[in-house]
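Undergrad: Quick one: the structure is below, questions incoming.
The values are calculated or read from the model by the stated rules, or taken from the named source; none is laboratory data. Quick caveat: nothing in here was measured; it's all calculated off a predicted structure. Cβ placement follows ideal geometry from the backbone for every residue including glycine, while neighbour counts extend to all protein chains displayed.
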Amino acid sequence: MSRASKIVRKFRESLIGRTPTFRPADLLRPLERWVVLIIIFFIIVIITAPPFYFDYYKYTPGKPIMETIKAPFTVVVTDIEATELLRKRAEESYPHYYTYDTGIREGVLKSVNTIIDRLREIARDKTQSAETKTTLAQEFLKKEFGISVNEKQAVSLLVLSLHEQTKANLAIICDELFNRRGIVPDKYAFQSYQRKNVLKVLEKGAPSPRRFDSTKMLGYPEEVRKFLREKLIPRFYPQRQHQDAIFTLCSSLIRPNIYPVENLTSEARAQALLRVGEVKTTINRGEIIVKRGEIVTPQLQRIIDTINAKAHYYNFLRLIGDAVFVLAIFIFMFLYTRKLCPEFTFTSSGVILLYLPLLIALIIGRVLLVYVPGEEISGYLFPAGAIGMLGIILLNPRIAFALVIWGVLLFGIAVDFNFRYIIVGLFGGLTALLSLYTVRERKDVLMAGFKTALVNFVLILVINIIDDPTKIPTTYAGLGILNGILCAFLTLPALPLFEYFFGIVTDVRLLELTGITQPLLRELEEKAPGTYQHSLNVAKLGEPAAEAIGANYLLVRAGAYYHDIGKILKPKYYSENQVTPEEKRIHNSISPNMSLLIVRNHVKEGIELAKKYGLPQKIIDFIPQHHGTSLIKYFYQRALQQYSESESNVPVREEDFRYLGPKPQSIEAAIVMLADSVEATITSKLPRPYVSEEEIRRVVHETIVEKFNDGQLDECPLTLRDLHIIRESFISTLKSRLHFRVEYPPTSAQKELKKVIAEKPELTTSEL
């Protein structure tokens, strides 16, 4: 045997070597079951939790992106462009404050009147020469008002100051400029604010009651000067020299009487911008951010950068949530199996067996999600049906039902709890489970796969039509068919591996083991035909009884077929195989102790033979357990008789003439024990062709009571009600087997043969 084969065999033996029933004391024994459970927990978290498979998104600004990106979590990003647009709109809409200063006109008029009065005084001063007057006028204007005029302009002003109409004309000019029109620093800005209806003109601190026509206003200083020189002054002074003088005087004194109030406008702007917050773009989890081939805009770049930046934090939180969810499922699995499936064994191998179908399906689901493009393909191909098939074949319907639900929920973590995939997986898995509720052949697995495929096909069609009636999703429905077929082809090769490594005896395996082509059964039939016939009779008794109490009748049949295979090696030492008188007297030539060793040794030899032929451990358990620790009465009585007739001082102890056990640990082993004892007792005590029901009932009752009183049923979960049903089943089966037949009269040759045998029973058949 190669080294690899030895390793595999040791691993298999370690898995098979487990206690048949759960005991609270086992929890104190091995810590390995909890280690295995913790390892499986972390494996499932790693398989199902999306954070382990998050890949940071890569892109090149301004170029097409190479993948479609969905938001792995809800993210809020500032839209800078939209924010700037709103700010711009706010800046265009906030009030712009101007003040209409009525004091400007009065101030200018006052200055004009002061100048005219002073120039008039200078002009009327007869003590001064003309040149001196001109100089005095220039100095006065420069010193008092900062107005620079040349000699001609000074002379003109001196001349005009003597005219009484000059003040009136200047008053009209001021009135035209300040009242009828208005002077503003920036005419175009004023007009723009007025068009946008954001202009606020104040007068003495309150909104002005005047209506301002911005089209008539004059911009300071160019438009004012142009208006003065070209339109306003020529109206009153046709002479060129007078126009220049008045223009120089007015242009130096006039200033805007409508001007912006910067502090109020700045405050209004600040308040308007304060009311405009940042524009936030919210992208919900699962929402498509950008499709493959789209150009990466600055906003998309900010969104992707935000996701990459926050991925560590959110993935950590998501991982904690996923782990807690998986832990909750583990706790429910433990409580469920403890309460509703007490026969399940919580050993390390039992835990592995419970979770392995889930692990296989989840690993396949994760591989599909990682390597197959399109979540729909991966989601619809999740092999939930394989969980149902393996669960019901390897375990039992209750556990299988729970495994399907748990497996679909765990896969739901990987697909972000997409309702479609969960529903398809749930119905597909339960369909597979129900289809294999009474599996008898491996081809039934294929039929279950086809049924699962049909249900998946219809369900995917219905779900997608409900979601979008305008489309017929035949492609996705085809995935449902592929799913069912893959589940069947996944289950078929997995079954032998489970059977080999875990010693699982499935119904399919039991049917194969009880087929007439099995080499060990053929050898039993050839070498020990009596034992073979006895085994068949035990199976015929045990099967109906097992079915009546809800036990595994296929396991009872297989256990009955193989329970006495150890007799193959020395068949003639057992009464059912003894034909000739010499064979029937074979134990007379040896001591009871030697006979005891031979008879008891068939258990050990049977176990070795069963292992040699690769029988499952569950079948091997029937070989020692069908005898339990029963007393081998015949040889015990012979030993007592010899002890009483001899002078030996060594007492005969009853415990030395018992089988080594163990007692039956399962209901099926107990049924085979009772059926074996009843069949042997009926054969030896009631050999006649017709037996009354009273005799059958008496023998069956006495045999079962004897085993019960001997404590052989103490370690199996049989109830008194079960024993009653088993007894009635045995009686019913024996009644049909030992029914009354018409006894035909013997021929003369038969009569002569019976007479010879009666006179000389020591003769063999060959001698006759």
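Undergrad: Any idea which of K196, K167, K204 is surrounded by 15 or more Cβ atoms within 10 Å (Cβ to Cβ), assigned by TED's automatic domain parsing to the domain that holds E106, charged (D, E, K, R) and at pLDDT below 90?
TA: K167
Undergrad: For segment 32-79, give me the residue count where each residue is within 18 Å of D305 (Cα to Cα), touching a Ser or Thr at 6+ places or on another chain (Cβ under 8 Å) and among the β-branched types (V, I, T).
TA: Going through segment 32-79 one residue at a time, the tally reaches 5.
Undergrad: So for segment 335-348 (the condition being within 19 Å of the chain's Cα centre (by Cα) and outside the structural domain of K618 (by TED's automatic domain parsing)), does at least one residue qualify?
TA: Within segment 335-348, none of the residues are within 19 Å of the chain's Cα centre (by Cα) and outside the structural domain of K618 (by TED's automatic domain parsing).
Undergrad: Could you check how many residues of segment 548-572 are assigned to a helix (DSSP H, G or I) and either under 15 Å from A680 (Cβ atoms) or among the small types (G, A, S) (or both)?
TA: Looking only at that region, the number is 6.
Undergrad: Going through Q625, Q637, Q665, Q617 one at a time, which residue ends up being exposed (fewer than 15 other Cβ atoms within 10 Å of the Cβ) and of a type outside the set (D, E)?
TA: Testing whether each residue is exposed (fewer than 15 other Cβ atoms within 10 Å of the Cβ) and of a type outside the set (D, E) leaves just Q637.
Undergrad: Among the residues of segment 122-150, count how many are surrounded by fewer than 15 Cβ atoms within 10 Å (Cβ to Cβ) and either over 29 Å from I104 (Cα atoms) or within 60 Å of the chain's Cα centre (by Cα) (or both).
TA: Total satisfying the criteria: 9.
Undergrad: Only one residue in P664, P717 is assigned to a loop (DSSP other than H, G, I, E, B) and touching a Cys at 6+ places or on another chain (Cβ under 8 Å), so which one is that?
TA: Sole residue among the options that is assigned to a loop (DSSP other than H, G, I, E, B) and touching a Cys at 6+ places or on another chain (Cβ under 8 Å): P664.
Undergrad: What's the number of the only condition in (1) in contact with a helix residue (DSSP H, G or I) (Cβ under 7 Å, 6 or more places away or on another chain); (2) at pLDDT below 90 that R225 fails to meet?
TA: Result: R225 fails condition (2) only.
Undergrad: If you don't mind, there's one more thing I want to ask. Among the residues of segment 640-662, write down those that are within 25 Å of V678 (Cα to Cα) and either exposed (fewer than 15 other Cβ atoms within 10 Å of the Cβ) or of a type outside the set (A, V, I, L, M, F, W, C) (or both).
TA: Matches in segment 640-662: E654, E655, D656, R658, Y659, L660, G661, P662.
Undergrad: In addition: All but one of (1) of a type in the set (D, E, K, R); (2) within 13 Å of G661 (Cα to Cα); (3) surrounded by 17 or more Cβ atoms within 10 Å (Cβ to Cβ) hold for K604; which doesn't?
TA: (3)
Undergrad: Can you list the helices (runs of 4 or more DSSP H) found entirely within segment 574-644 that contain at least 2 residues being more than 60 Å from the chain's Cα centre (by Cα) and not acidic (D, E)?
TA: Filter on segment 574-644 gives 581-584, 592-612.
Here is a yes/no grid of residues against (1) under 30 Å from P662 (Cβ atoms); (2) modelled with pLDDT under 50:
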| position | (1), (2) |
| --- | --- |
| R3 | no, no |
| K10 | yes, no |
| D26 | yes, yes |
| P61 | no, no |
| F73 | no, no |
| S93 | no, no |
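Undergrad: Then there is this: Report yes if some residue within segment 287-308 is surrounded by fewer than 18 Cβ atoms within 10 Å (Cβ to Cβ), in contact with a strand residue (DSSP E or B) (Cβ under 7 Å, 6 or more places away or on another chain) and part of a helix (DSSP H, G or I); otherwise report no.
TA: yes
Undergrad: Just to be sure I understand, how many residues within segment 152-181 are basic (K, R) and closer than 17 Å to S111 by Cβ?
TA: Number satisfying all stated conditions: 1.
Undergrad: Go through segment 154-185 and report how many residues are of a type in the set (S, T, Y) and over 23 Å from N257 (Cα atoms).
TA: Selection size over segment 154-185: 2.
Undergrad: Determine which member of the set E654, E668, E679, E693 is without any contact (Cβ under 8 Å) to a residue 24 or more places away in the chain and either under 15 Å from L713 (Cβ atoms) or not hydroxyl-bearing (S, T, Y) (or both).
TA: The match here is E654.
Undergrad: Which numbered condition in (1) out of contact with any Lys or Arg (no Cβ under 7 Å at 6 or more places or on another chain); (2) farther than 30 Å from S644 by Cα; (3) buried (at least 20 other Cβ atoms within 10 Å of the Cβ) is the only one that S595 fails?
TA: (2)
Undergrad: Please find, within segment 225-271, the residue that is nearest to the chain's Cα centre (by Cα) out of those that are within 17 Å of Y98 (Cβ to Cβ) and part of a helix (DSSP H, G or I).
TA: The qualifying residue nearest to the chain's Cα centre (by Cα) is R269.
Undergrad: Now a separate question. Please work out which residue is modelled with the highest pLDDT, limiting yourself to segment 28-59 and to residues that are closer than 23 Å to L327 by Cα and not hydrophobic (A, V, I, L, M, F, W, C).
TA: My answer is T48.
Undergrad: Right, here's the next one. Using beta carbons and a limit of 8 Å, which pairs, at least six apart or on different chains, have the first residue in segment 480-494 and touching a residue at least 60 places away in the same chain (Cβ under 8 Å) and the second one surrounded by fewer than 24 Cβ atoms within 10 Å (Cβ to Cβ) and not in a helix (DSSP H, G or I)?
TA: L482/L381; N483/L381; L486/L381
Undergrad: Just name the residue that is farthest from D507 (Cα to Cα) out of those in segment 436-452 that are crowded, with 24+ Cβ neighbours inside 10 Å and either at pLDDT 90 or above or not assigned by TED's automatic domain parsing to the domain that holds C487 (or both).
TA: Taking the candidates together, the pick is T452.
Undergrad: Just name the residue that is surrounded by the fewest Cβ atoms within 10 Å (Cβ to Cβ) out of those in segment 370-389 that are modelled with pLDDT under 90 and hydrophobic (A, V, I, L, M, F, W, C).
TA: Across segment 370-389, the extreme among qualifying residues is V370.
Listed here are the residues, each with its yes/no results for (1) farther than 30 Å from L395 by Cβ; (2) of a type in the set (D, E); (3) out of contact with any Leu (no Cβ under 6 Å at 6 or more places or on another chain).
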{"residue": "D621", "(1), (2), (3)": "no, yes, yes"}
{"residue": "K633", "(1), (2), (3)": "yes, no, yes"}
{"residue": "R638", "(1), (2), (3)": "yes, no, yes"}
{"residue": "E655", "(1), (2), (3)": "yes, yes, yes"}
{"residue": "A675", "(1), (2), (3)": "no, no, no"}
{"residue": "V678", "(1), (2), (3)": "yes, no, yes"}
{"residue": "T681", "(1), (2), (3)": "yes, no, yes"}
{"residue": "L686", "(1), (2), (3)": "yes, no, yes"}
